[in-house]
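See below for the structure under consideration.
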Amino acid sequence: MEDVFYTAGGPPKGWMHAIFHGGPYGEDIGRCIPGPPAPETFDVSPAEGGVYRYRLWTVGSWSAPGDPIAVYNPDGPSVPPPPLTTQERKWLREGQQKKGLGPLKLVALAPSGRLVRDPDVRTIEAMLAELQHRQFLVLQRLTDHDEGDCYLRVLFDEDDSYELVHQAGTAAERKGTRSASRGAVLDAVLRRLADQPGRGSAREGPEPADGF
């Protein structure tokens, strides 16, 4: 699997293009790996010895669905999917208008790269349940440009705990907490999305853990 490049259109059968964020392959363009499907982890043996491991972040495509591209991050601190940019939010709004639909208030960004428009409670709960270790779920409000980013980010860590980060406006307004209960995380997410500062929740069940 070393030094495999293919830049003339789609890769040969049984291979797929890949992009590596950092590490030994960070500057490579046109590198191919066995697939699809893309392996969850990808090990590289640098010339200086040892093993460098990459972990799959997402699979997408520049333009052709038949030519998927795997995106890998160095195996270290988990890397969340970036919130939508101002331009991407604008495109979504314009798409809604062209379809004659109402304005979008919220989008959910799954680890697979899937984007869900205005997810309901059951959808959010299902997306939390689908998280694997070291994966993120990002819920982003489609605010106006002058309001800054507003999003919730949930990480399912390797110790089976959840880390919830809430950012409103600027990085200075970022708050984070942790819980081992998926139910408490869901309750906290719904409360944040509803802008309810207290402990009350429309969801039945126990109150959220301390810190939420």
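The values are calculated or read from the model by the stated rules, or taken from the named source; none is laboratory data. Since this is a predicted model, take the numbers as computed values, not measurements. Neighbour counts run over all protein chains shown; Cβ positions are idealised from the backbone, glycine included. The area values use the complete protein model at the heavy-atom level, side chains included, leaving out ligands, DNA and RNA. Shrake-Rupley method; radii C 1.70, N 1.55, O 1.52, S 1.80 Å.
Tabulated results
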quantity	calculated
Proximal charge balance of L139 [Cβ under 9 Å; K/R count +1, D/E count -1]	+3
Neighbourhood charge, 15 Å Cβ-Cβ cut-off, centred on D67 and excluding it, Lys, Arg +1 and Asp, Glu -1	+2
Accessible surface, 1.4 Å probe, highest first, among residues E125, E130	E130, E125
Accessible heavy-atom area order of W91, W15, highest first, probe of 1.4 Å	W91, W15
Contour minus Cα-Cα distance for V116 and D28 (0.36 nm per residue)	28.5 nm
Protein-only accessible surface order, largest first, of T58, T85 at 1.4 Å	T85, T58
Whichever lysines have a C-alpha closer than 19 Å to that of K175, once near sequence neighbours (fewer than 8 apart) are set aside	none
Two-site FRET efficiency, E40 against E94, from Cβ-Cβ distance with R₀ of 25 Å, rounded to 0.05	0.10
Accessible area of E88 in the full protein assembly, 1.4 Å probe (Å², nearest 10)	70
Within straight-line cross-link reach of K99, lysines at Cα separation under 25 Å, skipping those fewer than 8 residues along the same chain	K90
